[in-house]
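K.L.:
This is the structure I have questions about; it appears just below.
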Amino acid sequence: MTYRREDFELHKKNFKNFITLFKGNPMGIIGFYIIVFFLVVALVGPILYHYNPQDFNSAHMIEAPSRQFVLGTDDMGRDILGALIYGSRVSLMIGVFATLISVFIGTLVGLVSGFIGGRLDSVLMRFTDGFMVLPKLPLIMILAALLGSSTRNIIIVLGLTSWTGTARLVRSQTLSVKQRAFIERAFAVGAGRVYIMLRHVLPNVFPLVFSNTILVTATAILTETTLSFLGLGNPMVPSWGQILRGAFTSGAVSIGAWWYFIPAGLAVIVLVLGFTFLGYSFDEILNPKLRSR
Amino acid sequence: MNNDRILEVRDLKTYFKIREGIVKAVDGVSFTLEKGESLGLVGESGCGKTTTALSIIKLLSDNGYIESGEIVFKGINLAHMTEEEILTHRWKDISMIFQGAMNSMNPVMKISQQITEVIRLHEPQVTLEEARKRVRELFKLVNLDPGLMDSYPHEFSGGMRQRAIIAMSLALNPSLIIGDEPTTALDVMVQAQIIDLINDLRKKLGMSMIMITHDLSIIAETCDRVVVMYGGKVAEIGPVEEIIRNYRHPYTEKLIKAFPNIYGEREMVASIPGVPPNLIDPPKGCLFAPRCHRKIGKICDEVAPELKAVSRDRHFVACHLWGEGHE
Amino acid sequence: MNINYVLRKLFHSLITVLIVITINFFLFRIMPGDPFAMIAKAGNLSAEYKESLSALYGFDEAFHIQYLKYLRQLFSFDFGLSFKYRKPVLEVIGNRLVATLLLAFFAQIFAIVAGAVIGTISAAFRGRKIDVMALGFALLVYAIPAFWLGIVLVLFFSVKLGAFPLNGMVVAGMTHPTTWAYVMDVGRHLVLPVITMGMAIMGGYAIIMRGSLLDVFTEDYITTARAKGFKRRDIVIHHALPNALLPMVTVIAINMGFMISGAIQTETVFSWPGIGRLVYEALMARDYPVLQGAFLIISITVILANLIADILYGYLDPRIKYD
């Protein structure tokens, strides 16, 4: 088909345009660097910094920062800086994989619903809307409690409960793409539905999905931290939420042991903020309604 | 200077700052408007007709500004007034008739409320009851049932909404009314009724008007004189009859032939071929040259044509075809 | 208002309730292994509770029979017995309802007012420094885990300054001589939890308010208002805000679920004796009947709030009448 190359050229031009706009968006740049920073810490940190969550030490319980323990110790005498570094892995991994599941389900539902239309569309959307208003945290808590709170299960549970926004978005975008001429042309030359959906609709829906994806990741990281804090994380795996739970249950707050919960809290906030900034700036660039002249 | 002169626009330049540079949306436009006169601004979208009209009351978006020029309204220069200074002139002296098909009326406010709020803004001593009485009279004036004044905009048909918008524009008895495509998107029958209403009111109230439209046939029915704009500049200006019969600019010619339902032969021109010029970095010659079918040579590409009188009848054109020795 | 509109919304709500009930039904049945054994694992159960469990779940029967039985039980408001409190679930939840409603009410008001103000300022000064600051603040607030904010507030205001009580709803063991003294005591305990929970939901409101206003600013009737000679401030407040607030009604309702998340975290940190704290305690004790019942009641409340918001929207927006 001859218009394939034109399509490609168009995408290339759009991408260049996108990069130019992105460079002029300080919020997006900050978000980008924050995420890069945490990625580096998660990948390289554990190699450079030794930490073992089994290193209990009753001689150094809830100790203030010192030369030996730069960010102090927790209620079992473990190094908090080490837990923070190792915890970045858990947060990023859960955030990213849960998002992948969520975006997969959301895109599938939205694409099928918008493209096929008719009764299937109204059934799927009624279900999506119904699911959307459900209080997510109690549902996630029950699921995590029943399934057992391994890292894998947390990822699945988060993915299964956070796809509704993506589905709605993809559906509305699919509906507008469906109206365009090249879809009609593709039908006219006898392309199949699935082929058109994957080859023509999906690439056009993708940019908006992308910015949404980043925002979903932010929420997933936040929810994971909350779950761990509420005691639904895996206690054997060090994570930021586990540190914060330790600080809360050990009474570190009431004795003013700030090092136990301030750094971990800031780590969560900065990382979530990084994803939010990035996602929000993408949204501003890709959504013409929000874009300033 | 003429005492009957309502408005004189002199060498108006209105620019917009965007990411890619500065858009010279209006670039050196001049015209005058006498008391009781109706002037049409016509051209394709993006030719600067709307920006010219909005500049008069400085209704520009945040990135738009008047670079230079004068807008003398009843002897006062509005061009360099601050936002605060111009507020008191808006609607009281110069009001607008917006396009009714658009969301020109606030959807969550009753129509009566939208008219009384502007009366009481500029005449705070008027009580609500007096203002409502005036709305009732205005409704009668535009042939609307005053009993419907407390409706919401969506409860009116397109034609009724346009009448209500005209009523609103008359609320403060302004010296000048600017009509921004007031009949666009109405069906033909309703369009004719609205044009009749406007003509009727003009006769009755002696109002001065500026009419913005892309449709020359509406200009022909409602205006005394017309300004044809292209690329932010005046291409041709003169009395409506004169322009339609003796057009001089090739662009005017194309415009007239694009609307074959008025005088002249029917010609199969749906629209004018080519695209309007880039106004960030405009070409140095005549802006219409790349699309012109009567180009006479290098001069068109290199020298921007000046406005020149072509007859004693206040008819001017900016085209090298009508330069010295060509007449 | 159109009666068909109300009926349609009512019908949608009923479907959603059915979805919740079905999810709730399957939640405790599709788990790997013998569900009875799994639940029994949670603690040493007496014969009495095993009996109540069997009655509640009816594990031996066919799926659709179980489902119908379950529905019949729900309609007689029988949610089973709490493992921990040894009381009917409905009674346990009912005892906690007022505390949560009190907290949620004030937190909602705080969040709506603060969110609307911040979003409006941000939109009115779009692209300027104050907009960047307001938007940045809204995103920051959104990124802060509610429980962490609660902990930090406790550390600063209660531990360091001693300005507010650490936790609870009233001073433990204190007898209040007058009703006024009781109200004051609750009020003092309410301040930090309200701020915590309010902040958790405020960020989202501010961002949506900003977007909604920016949308409205591009509408033609805003140009009309400018042409009429209104000041910028008057246009924002009298012409733009009423239109921009309409979508907020829906957003507030949809965010009810998010508010529950804030309630669970806030009540856990402050030991606030509400439903959120109950959910946390039930989770710790693996008190499944309470968890299940709480989820059902919370969900139905949220659905009801959405229904009310929809009807309210129809009442506030005159255009809905003819939809």
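K.L.:
For the range B:50-59, enumerate the residues that are assigned to a helix (DSSP H, G or I) and open to solvent by less than 10 Å² (accessible area, probe 1.4 Å).
P.N.:
The answer is B:Thr52, B:Ala53, B:Ser55, B:Ile56.
K.L.:
Look at B:Thr51 and say whether it is of a type in the set (S, T, N, Q) and modelled with pLDDT of 90 or more.
P.N.:
Yes: the conditions hold for B:Thr51.
K.L.:
Still on this structure, please answer the following. Which of (1) without any contact (Cβ under 8 Å) to a residue 60 or more places away in the chain; (2) farther than 19 Å from A:Tyr86 by Cβ; (3) part of a helix (DSSP H, G or I) does A:Ser228 not meet, given it meets every other one?
P.N.:
Only one criterion is unmet by A:Ser228, namely (2).
K.L.:
Same structure, new question: Restricting attention to the range A:82-103, which residues are within 17 Å of A:Leu222 (Cα to Cα) and open to solvent by less than 10 Å² (accessible area, probe 1.4 Å)?
P.N.:
Of everything in the range A:82-103, those that are within 17 Å of A:Leu222 (Cα to Cα) and open to solvent by less than 10 Å² (accessible area, probe 1.4 Å) turn out to be A:Gly87, A:Ser88, A:Ser91, A:Ile94, A:Gly95, A:Ala98, A:Thr99, A:Ser102.
K.L.:
Given B:Arg202, B:Arg248, which one is assigned to a helix (DSSP H, G or I), open to solvent by 20 Å² or more (accessible area, probe 1.4 Å) and modelled with pLDDT under 90?
P.N.:
Selected residue: B:Arg202, the only one of B:Arg202, B:Arg248 that is assigned to a helix (DSSP H, G or I), open to solvent by 20 Å² or more (accessible area, probe 1.4 Å) and modelled with pLDDT under 90.
K.L.:
Is it the case that the range B:141-160 has a residue that's within 13 Å of another protein chain (Cβ to nearest Cβ), of a type outside the set (S, T, N, Q) and under 22 Å from the mean Cα position of the chain (by Cα)?
P.N.:
Within the range B:141-160, none of the residues are within 13 Å of another protein chain (Cβ to nearest Cβ), of a type outside the set (S, T, N, Q) and under 22 Å from the mean Cα position of the chain (by Cα).
K.L.:
What about A:Pro235, is it farther than 26 Å from A:Val112 by Cα, more than 13 Å from every other protein chain (Cβ to nearest Cβ) and open to solvent by 20 Å² or more (accessible area, probe 1.4 Å)?
P.N.:
Yes: the conditions hold for A:Pro235.
K.L.:
Taking C:Leu241, is it in contact with a helix residue (DSSP H, G or I) (Cβ under 9 Å, 6 or more places away or on another chain), closer than 30 Å to C:Leu153 by Cβ and either touching a residue at least 60 places away in the same chain (Cβ under 8 Å) or not in a helix (DSSP H, G or I) (or both)? Don't jump to the end; show me each part of the working.
P.N.:
Working: in contact with a helix residue (DSSP H, G or I) (Cβ under 9 Å, 6 or more places away or on another chain): yes; closer than 30 Å to C:Leu153 by Cβ: no; either touching a residue at least 60 places away in the same chain (Cβ under 8 Å) or not in a helix (DSSP H, G or I) (or both): yes.
No: the conditions fail for C:Leu241.
K.L.:
Find the residue count for the range A:256-273, including only residues that are more than 8 Å from chain C (Cβ to nearest Cβ) and within 22 Å of C:Ser158 (Cα to Cα).
P.N.:
6
K.L.:
Out of the residues in the range A:104-145 that are closer than 25 Å to C:Leu296 by Cα and away from chain C (no Cβ under 14 Å), which is surrounded by the most Cβ atoms within 10 Å (Cβ to Cβ)?
P.N.:
Among residues in the range A:104-145 that are closer than 25 Å to C:Leu296 by Cα and away from chain C (no Cβ under 14 Å), the one surrounded by the most Cβ atoms within 10 Å (Cβ to Cβ) is A:Gly106.
K.L.:
State which residue is surrounded by the most Cβ atoms within 10 Å (Cβ to Cβ) when the search covers only the range B:19-41 and only residues that are charged (D, E, K, R) and assigned to a loop (DSSP other than H, G, I, E, B).
P.N.:
B:Glu37
K.L.:
Consider the range A:207-229. How many of its residues are open to solvent by 10 Å² or more (accessible area, probe 1.4 Å), hydroxyl-bearing (Ser, Thr, Tyr) and facing another protein chain (nearest Cβ under 10 Å)?
P.N.:
Residues flagged as open to solvent by 10 Å² or more (accessible area, probe 1.4 Å), hydroxyl-bearing (Ser, Thr, Tyr) and facing another protein chain (nearest Cβ under 10 Å) within the range A:207-229 amount to 2.
K.L.:
Taking the conditions exactly as written (closer than 20 Å to C:Ile222 by Cβ and more than 8 Å from chain C (Cβ to nearest Cβ)), does B:Lys58 satisfy them or not?
P.N.:
In short, yes.
K.L.:
Something else about it: Go through the range B:131-151 and give me each residue that's touching a Leu at 6+ places or on another chain (Cβ under 8 Å) and either surrounded by 15 or more Cβ atoms within 10 Å (Cβ to Cβ) or aromatic (Phe, Trp, Tyr) (or both).
P.N.:
Matches in the range B:131-151: B:Leu138, B:Phe139, B:Leu141, B:Val142.
K.L.:
Sort out which residues of the range C:217-244 are facing chain B (nearest Cβ under 7 Å) and closer than 20 Å to B:Ile56 by Cβ, and write them in order of number.
P.N.:
The answer is C:Asp220, C:Thr223, C:Thr224, C:Arg226, C:Ala227, C:Lys228, C:Gly229, C:Phe230, C:Lys231.
K.L.:
Tell me yes or no: at least one residue of the range C:110-132 is within 27 Å of C:Val183 (Cα to Cα), hydrophobic (A, V, I, L, M, F, W, C) and surrounded by fewer than 17 Cβ atoms within 10 Å (Cβ to Cβ).
P.N.:
yes
K.L.:
Taking the criterion of being within 12 Å of another protein chain (Cβ to nearest Cβ), open to solvent by 20 Å² or more (accessible area, probe 1.4 Å) and either in contact with a helix residue (DSSP H, G or I) (Cβ under 7 Å, 6 or more places away or on another chain) or farther than 25 Å from A:Phe275 by Cβ (or both), would at least one residue in the range C:166-186 satisfy it? Please lay out each step first, then the result.
P.N.:
Of all residues in the range C:166-186, those within 12 Å of another protein chain (Cβ to nearest Cβ) come to C:166-167.
In the following step, the residues that additionally are open to solvent by 20 Å² or more (accessible area, probe 1.4 Å) were identified as C:166-167.
Filter once more, so that each one left must be either in contact with a helix residue (DSSP H, G or I) (Cβ under 7 Å, 6 or more places away or on another chain) or farther than 25 Å from A:Phe275 by Cβ (or both): C:166-167.
Within the range C:166-186, one or more residues are within 12 Å of another protein chain (Cβ to nearest Cβ), open to solvent by 20 Å² or more (accessible area, probe 1.4 Å) and either in contact with a helix residue (DSSP H, G or I) (Cβ under 7 Å, 6 or more places away or on another chain) or farther than 25 Å from A:Phe275 by Cβ (or both).
The values are calculated or read from the model by the stated rules, or taken from the named source; none is laboratory data. Since this is a predicted model, take the numbers as computed values, not measurements. Neighbour counts are summed over all protein chains in view; Cβ atoms, including those assigned to glycine, are modelled from backbone coordinates with ideal geometry. Only protein heavy atoms, including side chains, enter the accessible area calculation; ligands, DNA and RNA are left aside. Shrake-Rupley method; radii C 1.70, N 1.55, O 1.52, S 1.80 Å.
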